[in-house]
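In what follows, a structure is listed as structure tokens, so that the remarks can point back to it.
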Amino acid sequence: MTIKPSLDRRIQTLFPVALACLLVLGTSRLVLDSLKSNQSSIFRVHGRQEGGEYKKPVFVLPEDRFEKGCDVFEGKWVWDNVSRPLYTEESCPYLVKQTTCQRNGRPDSFYQDWRWQPHACKLPRFDPLKLLDVLRGKRLMFIGDSVQRGQFESMVCMVQSVIPDGKKSFHRIPPMKIFKAEEYNASIEYYWAPFIVESISDHAINHTVLKRLVNLDSIAKHGKSWEGVDVLVFESYVWWMYKPLINATHGSTDDIQEYNVTTAYKLALETWAKWLESNINSIKQKVFFMSMSPTHLWSWEWMPGSDENCFNESYPVEGPYWGTGSNLQIMKIVDDILRESKINVTFLNITQLSEYRKDGHTTIYGERKGKLLTKEQRSDPKKFADCIHWCLPGVPDAWNEILYAYLLQNHQNFM
């Protein structure tokens, strides 16, 4: 009886299986070694956390996008003290004194608890991790005046809490402020340019307020800082509306003339539009333009017979409302310029939704000329109340929720 040939056949049968197992184990070891390396392409895209624990990719889902054709700017303010505010003054160290109304003594906090709800659809729930994923390897820059600076601070506060200490930074390099999320190689930035084009008010700290001179066809100095930025969000309005006429140049900087504000604004935006056409790559970059932020300087507009301003207002305006501080001629100029532009610019029309929010301004709980109001100034709110700037948390958070929704619309997930 012979057993050896049978044993040989078994060995021959098992040998390929054993060889395949060794190859699989070897390949697995190589893959794991690659994944442990910071050079792994997976982690160059998705990053890694401390302690060797790896991040789970964040994907934008269909429910994160609002329905096509929905006008997110038509809606109402809904009381929501459960999911609002999205952050607090205490949780965000990046707020300036101009916006921290609670810390500055405002007795009520109702203004923090309103959520904007479009009539025809729902805005996606704000998810800071998803926004950071959209911004991975990118720069988001807000450009404009101090109202735009408030929107920048709002956005920083909305995302910064999910980033570990040591993985985020904040730098002030006038005329810019830069917040960085290190693990995402992403930045949220602000650039001071109150007229968008160049002016004698372009120094972020030491700028003139009463004396204004705008170079309507000059934008190159600003533009150098905007080149290559992935997402640009422009805004310019309040600084134009100080008086009906404004000193400006167009052509020779020595030829200073008085311009009607609407004429000057149109010339400035034409200069901006030409810059976009020469410098923006629409495939790689996104451009947004914020409509005017409304003021609430005269209470008789929402309460006939009264003679005050936005001070002591705790609730939004109910029903249709449009204040005289929002210039329809300026709105039409913006609309005309954007329609004629060869570059796709998304217009974020936040004016009407913000018109209702007479309660959201800093009033006497902000700054004036870089300092908090004195006791004597606070005792005269009719003269000193600020009905232009907004408390944070507050109305600008809703602007950023809408901006966030638009950024999600066309985001491509990494596959």
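The values are calculated or read from the model by the stated rules, or taken from the named source; none is laboratory data. Small disclaimer: the values here were computed from a predicted structure and weren't measured. Because the Cβ atoms are built from the backbone with ideal geometry, glycine has one as well, and the counts that use them run over all protein chains shown. All accessible areas refer to the heavy atoms of the entire protein, side chains included, with ligands and DNA or RNA removed. Shrake-Rupley method; radii C 1.70, N 1.55, O 1.52, S 1.80 Å.
Report, to the nearest whole %, how much of the accessible area of the range 77-410 belongs to carbon and sulfur atoms, 1.4 Å probe, protein only. Could you put the intermediate results ahead of the total?
Numbers: 7470 of 14720 Å².
Carbon and sulfur together cover 51 percent of it.
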For this session: Starting from the range 198-303, pick out the chymotrypsin sites (Phe, Trp or Tyr not before Pro) whose DSSP state is loop and whose Cβ has at most 14 other Cβ atoms within 10 Å.
Result: Tyr242
For this session: Past 21 Å, Cα to Cα, is the threshold; run Lys332/Lys383; Lys177/Lys266; Lys266/Lys382; Lys138/Lys286; Lys243/Lys286 against it and keep the listed order.
Result: Lys332/Lys383; Lys177/Lys266; Lys266/Lys382; Lys243/Lys286
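Just list whichever of Lys97/Lys167; Lys76/Lys371; Lys76/Lys180 have alpha carbons separated by over 28 Å in the model shown.
Values: Lys97/Lys167 25 Å; Lys76/Lys371 35 Å; Lys76/Lys180 34 Å.
From the list (Lys97/Lys167; Lys76/Lys371; Lys76/Lys180), the Cα-Cα distance tops 28 Å for Lys76/Lys371; Lys76/Lys180.
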Problem set entry | Residue with peak Gaussian network fluctuation, the chain [Cα springs, cutoff 10 Å], from Met158, Met241, Met290 | Met241
Exercise. Taking the Cα-to-Cβ direction at Tyr315 and at Leu328 and moving 7 Å from each Cα, how far apart do the two end points lie in nm?
Worked result: 2.9
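Decide, for the range 180-335, between rounded, prolate and oblate: order the square roots of the alpha carbon gyration tensor eigenvalues as a ≥ b ≥ c, take rounded if a/c falls under 1.5, and otherwise choose prolate if a/b is larger than b/c, else oblate. Please report the intermediate quantities before stating the final value.
Values: a/c = 1.97, a/b = 1.31, b/c = 1.50.
Judged from the Cα gyration tensor, the range 180-335 comes out oblate (a/c at least 1.5, b/c at or above a/b).
Which value at 222 nm does the chain reach when only helices count, each DSSP H run of 4 or more adding -39,500 (n - 2.57), with the total divided by all residues and rounded to the nearest 500 deg cm²/dmol? Walk me through the intermediate numbers first.
Working: 11 runs with 128 residues, N = 415.
Rounded to the nearest 500, the figure is -9500 deg cm²/dmol.
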Exercise. In a GNM of the chain with a 10 Å cut-off on Cα contacts, which of Ser154, Ser225, Ser326 has the highest mean-square fluctuation?
Worked result: Ser225
For this session: Among Asp165, Asp80, Asp127, determine the one that fluctuates most according to a GNM of the chain built with springs between C-alpha atoms less than 10 Å apart.
Result: Asp165
Exercise. Under 17 Å Cα-Cα from Lys369, which aspartates and glutamates qualify once same-chain neighbours fewer than 8 residues away are excluded?
Worked result: Asp145, Asp202, Asp380, Asp386
Problem set entry | Cα-based shape type of the range 77-410, given that a ≥ b ≥ c are square roots of the gyration tensor eigenvalues and the cut on a/c is 1.5 | rounded
For this session: Select from the range 147-248 those trypsin sites (Lys or Arg not before Pro) which occupy a DSSP coil region and have at most 12 other Cβ atoms within 10 Å, ordered by residue number.
Result: Lys211
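Going through the range 255-333, which GluC sites (Glu not before Pro) have at most 11 other Cβ atoms within 10 Å and a DSSP loop state?
Qualifying residues, ordered by number: Glu318.
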Seminar exercise, completed: Counting only DSSP beta bridges fully inside the range 77-410, the antiparallel percentage to nearest 5 is 55
